[in-house]
Each structure stands twice: as C-alpha cells, then as structure tokens.
1. Quick check on my filter: what residues within the range 1-59 are open to solvent by 80 Å² or more (accessible area, probe 1.4 Å), within 29 Å of residue 111 (Cβ to Cβ) and either of a type outside the set (S, T, N, Q) or part of a strand (DSSP E or B) (or both)?
2. For the structure I just gave you, tell me whether residue 63 is farther than 16 Å from residue 134 by Cα and open to solvent by 80 Å² or more (accessible area, probe 1.4 Å).
3. Could you list, in sequence order, the residues of the range 101-154 that are open to solvent by 30 Å² or more (accessible area, probe 1.4 Å), touching a residue at least 60 places away in the same chain (Cβ under 8 Å), out of contact with any strand residue (DSSP E or B) (no Cβ under 6 Å at 6 or more places or on another chain) and not in a loop (DSSP other than H, G, I, E, B)?
4. Considering only residues that are open to solvent by less than 70 Å² (accessible area, probe 1.4 Å) and aliphatic (A, V, I, L, M), which ones fall in the range 87-100?
5. How about the range 60-76: which of its residues are farther than 18 Å from residue 6 by Cβ and assigned to a loop (DSSP other than H, G, I, E, B)?
6. Looking at (1) modelled with pLDDT of 95 or more; (2) under 30 Å from residue 138 (Cα atoms), can you tell me which one residue 45 breaks?
7. Pick from 150, 119: which is more than 21 Å from residue 105 (Cβ to Cβ) and among the hydroxyl-bearing types (Ser, Thr, Tyr)?
Amino acid sequence: ESFLYDGQAHRGSEWQLIGGSLEEGYTVSAEFTQEQTQAGKYVNSFTAYVYDENGNDARGSYEIVYEFGTLEIQPREIVLSTPDAKKEYDGTPLTNAAYWLSGGSLAAGNTLSVSVTGSITDIGTAMNTIGSVAVLNADGKDVTANYRISLLPGTLTVV
C-alpha cells in the first residue's frame, strides 16, 4: 500500500489468503502492526487471527505462513521559485530574498524555512539561488526528508 506523506501515521489495511483453506464456519482477520509516518518503504507486517464458528481463537490448529508486502510513504513534491531582478550598476550587490511555493503543497502544519543567497554586484547575470531549504512540522522538527524539493531560481541582472 502507498500513501503520500502528510505528517500522519499510516498502516496497511489490505491482505489476502493466498494458500490453504479454512474449515467451514472459521474466519480469519488481520491486525496490521507496522505504522509509519516518514517517507520510505517498509515491511507491511500484520498478524493473522483465526477464529472458529464460536469466535474462539483457533490459530493453534493452523500453520500460518506470512508473505508481507510493502508499506510506502511517498515523499511530497514541492517547487520553490525566486524572482528575477534587474538594476543599473551602482557598485552595491543586487539581491532579492523573496521566494514562493510555485508547485505542490506542504502537509498540514508544515512550514518552510528558506534562505535565498543569490547576489551580483558587477555588470552581468547571476542566478537568484536558494542556499538552503528546511521544512518544519508544527513541533519545529525538521521533516525535509519527507519532501522532494525542486528549485526554480530567477535571474539577477546588473546592466
């Protein structure tokens, strides 16, 4: 099973009996034991329970063999952009620290901490680069690893 990172814990819910059979009136259920919040791939483990027609635990009557699938929390994709800026040469650096989220979205309660480092003093062109990006959850914990971040820098031009 797969989920998009949203800062919430997820666990599997799908399973199937892939071999063997149950006696008439017996039922099987599963309790998923693996719970994940962070982006990545994990074993989607669960415990199977077998009950007789009266609801009694009948696992002792069966040999249960497990084949676990994958529980995946996919990273959230976001795009950050910086603006273009232009000025005539005056011997001082041209900078523009603005940025915006131009694609994707943050999980609820997450915030950005961005440092725009683009700068140019002499005549010419330079990228309005982003020096660092951090995504923080509501508790201030760094959750940047749960995001796939693309940067679209603007252009700084001194004429």
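The values are calculated or read from the model by the stated rules, or taken from the named source; none is laboratory data. If you're wondering where the values come from, they're calculated on a predicted model, not measured in any experiment. Glycine gets a Cβ as well: all are built from the backbone with ideal geometry, and neighbour counts include every protein chain shown. We work out accessible area using only protein heavy atoms, side chains counted, and drop any ligands, DNA or RNA first. Shrake-Rupley method; radii C 1.70, N 1.55, O 1.52, S 1.80 Å.
1. Within the range 1-59, 4, 11, 35, 41 meet the criteria.
2. Working: farther than 16 Å from residue 134 by Cα: yes; open to solvent by 80 Å² or more (accessible area, probe 1.4 Å): yes.
The answer is yes for residue 63.
3. Residue satisfying the conditions is 145 alone.
4. Applying the first criterion (open to solvent by less than 70 Å² (accessible area, probe 1.4 Å)) to the range 87-100 yields 87, 91-92, 94, 96, 98.
94, 98, listed by residue number.
5. 62, 63, 64, 65, 66, 67, 68
6. In the conditions (1) modelled with pLDDT of 95 or more; (2) under 30 Å from residue 138 (Cα atoms), residue 45 misses (1) alone.
7. On the way: 150 fails: more than 21 Å from residue 105 (Cβ to Cβ).
Of the residues listed, the single one that is more than 21 Å from residue 105 (Cβ to Cβ) and among the hydroxyl-bearing types (Ser, Thr, Tyr) is 119.
Residues are listed down the side, and each one gets a yes or a no for (1) within 30 Å of residue 122 (Cα to Cα); (2) under 21 Å from the mean Cα position of the chain (by Cα); (3) modelled with pLDDT of 95 or more:
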position: 7; (1), (2), (3): no, yes, yes
position: 10; (1), (2), (3): no, yes, yes
position: 21; (1), (2), (3): no, no, no
position: 34; (1), (2), (3): no, yes, no
position: 66; (1), (2), (3): no, no, no
position: 83; (1), (2), (3): yes, no, yes
position: 95; (1), (2), (3): yes, no, yes
position: 99; (1), (2), (3): yes, no, yes
